Amino acid sequence: MSAREEILARIGRAVAGGAEVDIPRDYRTERQVEDLVGLFAERVDDYRAIVHVVPAADLPATIDACLGERRMIVPDGFDRPGGWSDLKSADGVVTNCAVAIAETGTIVLDHGPGQGTRAQTLVPDYHLCVVRADQIVAGVPEAVARLDPARPLTWISGPSATSDIELNRVEGVHGPRTLEVIIST
C-alpha cells in the first residue's frame, strides 16, 4: 500500500459512520466593478509596475517608446516582428496575457500565442506586457473560469520581489525586476 493509499484509508476509517454534511458552494463568482481598467491600472501601479493606459490606435507607438533600443524577446504570436531568442543577451521580453485581474492587479500568462515560454518571461530583467481592456476581469473566480487548467500558468503581481530576514525588499530575484504594463482600451 502506498503512503497516499494509507492516508486515504485512515481518513476513511476516521469519518466512517459520521453524519453527512452539506457544504454550501454559493461562492461569489462575479463582482460588478464600474471601472475595470482604472482599478486594474491602480492595483498594478501599487505593485511598483509602470502602467500606461492608451487607446488601441496608440498601442504600436507606445510599445516602440517603451522598448526603445532594448534587445527584446518577442514570442511567436506577438504582433511585432523581430526579436531575440537568446535569453542571455536579451534585455527583456514583450508579451500579451491570457487574462488580467482588476481586484488583485494580477496578470496571468498561459503561455499561448504571444506569451512566450516560462523561461522567456522569468529570466529577463524587464517584462513589457500588453493587456487589452477586454481581458480584464473583476476577480479571481472570473479569471479562473477563463483559463485552461491543463495549460502552464504564470501569475504575475508586479515585478519580482522578495524580502530577506530583515524585511529588506529585493527585486529581480525570481523574475523580472521591472514590469511595464500597457493597457490598450
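The values are calculated or read from the model by the stated rules, or taken from the named source; none is laboratory data. Keep in mind it's a predicted model, so treat the numbers as computed, not measured. When we count neighbours, we look across all protein chains shown, and the Cβ atoms used for this are built from the backbone with ideal geometry, even at glycine. Just the protein is used for accessible areas: all its heavy atoms, side chains included, with ligands, DNA and RNA removed. Shrake-Rupley method; radii C 1.70, N 1.55, O 1.52, S 1.80 Å.
A search for C-beta distances below 8 Å between a residue of the range 113-137 that is under 12 Å from residue 181 (Cα atoms) and any residue that is part of a helix (DSSP H, G or I) and basic (Lys, Arg), counting only pairs 6+ apart in sequence or on different chains, returns nothing.
Suppose the filter is out of contact with any strand residue (DSSP E or B) (no Cβ under 7 Å at 6 or more places or on another chain) and more than 30 Å from residue 32 (Cα to Cα); does residue 61 pass it? Spelling it out, residue 61 is indeed out of contact with any strand residue (DSSP E or B) (no Cβ under 7 Å at 6 or more places or on another chain) and more than 30 Å from residue 32 (Cα to Cα). Among residues of the range 1-30 that are at negative phi and in a loop (DSSP other than H, G, I, E, B), those with a beta-carbon under 9 Å from a residue that is of a type in the set (Asp, Glu) and modelled with pLDDT of 90 or more at least six positions away or on a different chain give the pairs 29/142; 30/142.
When 43, 48, 71 are checked against the criterion of being more than 20 Å from the chain's Cα centre (by Cα), basic (Lys, Arg) and closer than 27 Å to residue 117 by Cβ, a single residue qualifies: 71. Residues that are open to solvent by less than 50 Å² (accessible area, probe 1.4 Å) and β-branched (Val, Ile, Thr) within the range 8-50 comprise 33, 37, 44, listed in sequence order.
Selection of the range 55-73 for residues being surrounded by fewer than 17 Cβ atoms within 10 Å (Cβ to Cβ) and closer than 19 Å to residue 98 by Cα yields only 56. Inside the range 7-34, residues that are closer than 23 Å to residue 156 by Cβ and at pLDDT 95 or above make up a count of 0. Look at the range 36-62: where a residue is closer than 18 Å to residue 138 by Cβ and among the β-branched types (Val, Ile, Thr) and a partner is open to solvent by less than 70 Å² (accessible area, probe 1.4 Å) and in a loop (DSSP other than H, G, I, E, B), sitting 6+ places away or on another chain with Cβ atoms under 6 Å, you get 44/105. Of the residues making up the range 131-148, those that are in contact with a Cys (Cβ under 9 Å, 6 or more places away or on another chain) and part of a strand (DSSP E or B) are 131, 132. On the basis of being within 21 Å of residue 111 (Cα to Cα), in a loop (DSSP other than H, G, I, E, B) and either open to solvent by 90 Å² or more (accessible area, probe 1.4 Å) or not hydrophobic (A, V, I, L, M, F, W, C) (or both), does residue 76 make the cut? In short, yes.
Applying the condition of being among the hydrophobic types (A, V, I, L, M, F, W, C) and not in a strand (DSSP E or B) to the range 103-130 and asking which residue is least open to solvent (accessible area, probe 1.4 Å) yields 119.
Is it fair to say residue 33 is in a loop (DSSP other than H, G, I, E, B), hydrophobic (A, V, I, L, M, F, W, C) and over 29 Å from residue 104 (Cβ atoms)? Judged against the criteria, residue 33 is not a match.
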